[in-house]
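Any read-out appearing in this document is the output of simple, stated calculations on the displayed coordinates, not a laboratory observation. Note that this is a predicted model, so its numbers are computed, not measured. Every residue, glycine among them, receives a Cβ derived from its backbone with ideal geometry; neighbour counts consider all protein chains shown.
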Amino acid sequence: MNTSAMTRVAAVQMVSGPNVADNLDEAGHWIAEAARQGAKLVALPEYFALISGDESDKIAIRETEGDGPIQRFMSEAAQRHGVWLVGGSVPLVADRPDKVRNTCLAYGPDGRQVARYDKIHLFAFTRGAENYDEARTIEAGSTPVAFEAPFGRVGLSICYDLRFPEFFRALGDMKLLVLGAAFTETTGRAHWELLLRARAVENQCYVLASAQGGVHPSGRRTFGDSMLIDPWGQVLNRLTRGPGVVLGDLNEDYLVEIRQNLPALGHRRLSC
């Protein structure tokens, strides 16, 4: 195996609460741990800075792009540890004053922002007492986003995006797909691994999923099961519940071999 073609990546799993400073402290701990174990890219879950019982709380802490404690934390952490850092979602200012953009931001090892993706697909689900409708407080984005890193093209996505395969086709030829999530216990148990593995297989790329995973102070339950999946759809490493970090290696030679053996991406006949 050509070890020069290997890149270590990490997904941080959290059980975030209502205190932003506490959540950032915990995220910082796991970023440092991932970097200590050799990770070159670290992904944080959706809502890593805040999950509370009041959905309007994220409006109160929303930031303008390029300014604010959450963004400063990410920039400084990326630079301090010399990693590519993908922040599952940051609440940024929206056009409407009563909403936010649920934004995934990526930073390079020099601490500079390299990409911004505003979540396009807004989750809604009702079953019994469970009721979610992100459109009440979130303003949807419109453009898929990927960025170039030394180890290849990295696609960005957030949670509910996972259910829309055409979204990932629009990201182009990715080596790595990063997805930050806060899947519910109900939908996660039914579909989380199934959909993640499908996205890896159909795009013939690695998938790094960083999730919220546990019972939050508000009583909300998130599914967790952060994982790294290879282009053949095999789960390489995972963390089912609780805070921690999932590490694994991207093998460029293996990815090339998969695409040569099964050139499915070149067999596509529809451009949608």
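Brief remarks on what is shown
- Residue order, fewest to most surrounding Cβ atoms within 10 angstrom, among LEU92, LEU41, LEU194, LEU208: LEU194, LEU92, LEU41, LEU208
- Computed from point charges on the beta carbon alone (+1 for Lys and Arg, -1 for Asp and Glu), the dipole magnitude for segment 3-264 about its Cα centre is near 260 Debye.
- Cα gyration tensor category, rounded, prolate or oblate, for segment 161-200 with a/c compared to 1.5: prolate
- 0 to 90° range, to nearest 10: angle between helix 252-261 axis and the chain longest Cα axis: 60 degrees
- Scalar couplings 3J(HN,Hα) for segment 182-198, obtained by applying the Karplus form with A = 6.51, B = -1.76, C = 1.60 to θ = phi - 60°, are 9, 4, 5, 4, 5, 6, x, 4, 7, 10, 4, 5, 3, 6, 4, 5, 4 Hz; x denotes Gly and Pro.
- In order along segment 62-71, the phi-based Karplus estimate (6.51 cos²θ - 1.76 cosθ + 1.60, θ = phi - 60°) of 3J(HN,Hα) comes to 4, 10, 7, 4, x, 8, x, x, 5, 5 Hz; Gly and Pro are listed as x.
- For SER157, the residues 5 or more places off, or on other chains, whose built amide H falls under 5 Å of its own are VAL178, GLY180.
- With the convex hull of its Cα atoms as the shape, the chain has an orientation-averaged projected area of 13.6 nm².
- Between the amide H of ASN237 and those of LEU228, distances stay under 5 Å, these residues lying 5 or more places away or on another chain, with hydrogens modeled in the peptide plane.
- Expected 222 nm ellipticity per residue - DSSP helices of 4 or more, -39500 (n - 2.57), all of the chain, to 500: -7500 deg cm²/dmol
- nm² value of the averaged projected area, convex hull over the Cα atoms of segment 6-135: 8.6 nm²
- Förster-model FRET efficiency, 41 Å R0, ASP54 and ASP110, C-beta, rounded to 0.05: 0.65
- Cross-link reach list, lysines versus LYS40, counting only Cα pairs under 28 Å and skipping chain neighbours closer than eight places: LYS119, LYS175
- Estimated distance in nm for a label pair at HIS191 and SER142, the labels positioned 7 Å out from Cα along Cα-to-Cβ: 2.6 nm
- Site pair ASP95 and ASP25 shows an inter-label distance of 4.0 nm when each label is modelled 7 Å from Cα along Cα→Cβ.
- All Cα pairs of segment 118-272, percent lying beyond 25 Å: 31 percent
- Derived scalar couplings ³J(HN,Hα) [segment 216-229; Karplus, 6.51 cos²θ - 1.76 cosθ + 1.60; whole Hz; x for Gly, Pro]: 8, x, 6, x, 5, 10, 10, 6, x, 6, 4, 7, 10, 10
- With neighbour counts taken as other beta-carbon atoms within 10 Å, the residues VAL15, VAL207, VAL246 rank, fewest first, as VAL15, VAL246, VAL207.
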